[in-house]
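Just below is one structure, and these are the notes that go with it.
FYI, it's all coordinate maths here, none of it is from the lab. Quick caveat: nothing in here was measured; it's all calculated off a predicted structure. With ideal geometry, Cβ positions are generated from the backbone for all residues, glycine too; neighbour counts draw on all protein chains shown.
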Amino acid sequence: MPGSTPKLSRSVEDYLKAIFSLTERGEPASTSAVAQALDVQPASVTGMVKRLAESGLMEHVPYRGVRLTPRGTKEALGIIRRHRILETYLVERLGYSWEDVHAEAERLEHAASDRLIDRMAQALEDPSHDPHGAPIPTSAGEIERTDFVTLADTPLGQSVHIRAVADEDPERLRYMESKGLLPGVRLSIVDREPPAGPVTVRVGGPGGTDQVVGRELASRIFVGGPVESS
């Protein structure tokens, strides 16, 4: 019913969200990858995979891993929508900083009803992206495709915009903010230390400041073409 509390358990929701993320590019996810994403033992994943498959939320691809069924995908997108609307509301209406909202939204997403989330979205004039640049699924279960590459994989000399950043680590987000590495910011790749060294970027395009970005951080910054003006 509209406005009702989600019926899935917290652990099931966490699994669906993690598997959606791991399989977003179309490839099945291995049980070891799921275990790593959720920081659980592989044996626990095996049991949950069987349970989710029996529930019609997931299917096992022999010798390749697991993927969500259409029903599982719909449920996962609903969870992701709740999380990202909550993050956006906390930042825009309650003054939270972008590094603090992920953990808060992780707690709230399991309790918030779809009705509440829709009211929040309306109050925010239906935002398309969360504070970290990730697309927000619509209430109809549609989501923008994200075929971005990471900064670590961007060729030397290319000019790009930051489209999204990984949001799990508050300290990393604080560091990125201090360096001006925010969604929407233009970057030019001016130097790269091979084979897996840091990347030097010019923040803000020509005339901007140069920043050295370590390989690990660069792998958590997603870039793409120009950002469309709103």
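The H on the amide N of MET58, modeled in the peptide plane, is under 5 Å from the matching H of ALA53, THR69, each at least 5 residues off or on a different chain.
Annotation: amide H-H contacts under 5 Å for VAL190 (H modelled 1.01 Å from N, sequence separation of 5 or more, or interchain): GLY157, THR200, VAL201, ARG202. Within the shell defined by Cβ-Cβ distances under 12 Å, the residues around VAL160 carry a net charge of +2, with Lys and Arg each +1 and Asp and Glu each -1.
Taking the centroid of alpha carbons for each part, the range 158-229 and the range 30-73 are 33 Å apart.
Please state the shape class of the range 169-230: rounded when a/c is under 1.5, otherwise prolate if a/b exceeds b/c and oblate if not, all from the C-alpha gyration tensor. Here the range 169-230 falls in the oblate category. Out of these labelled values of P(r) over Cα pairs in 10 Å bins from 0, in percent, [x] 7, 31, 37, 20, 4, 0; [y] 8, 29, 31, 16, 9, 5, 2, 0; [z] 7, 29, 33, 23, 7, 0, which was calculated from the coordinates shown here? Recomputing P(r) over Cα pairs in 10 Å bins from 0, in percent here picks out [z].
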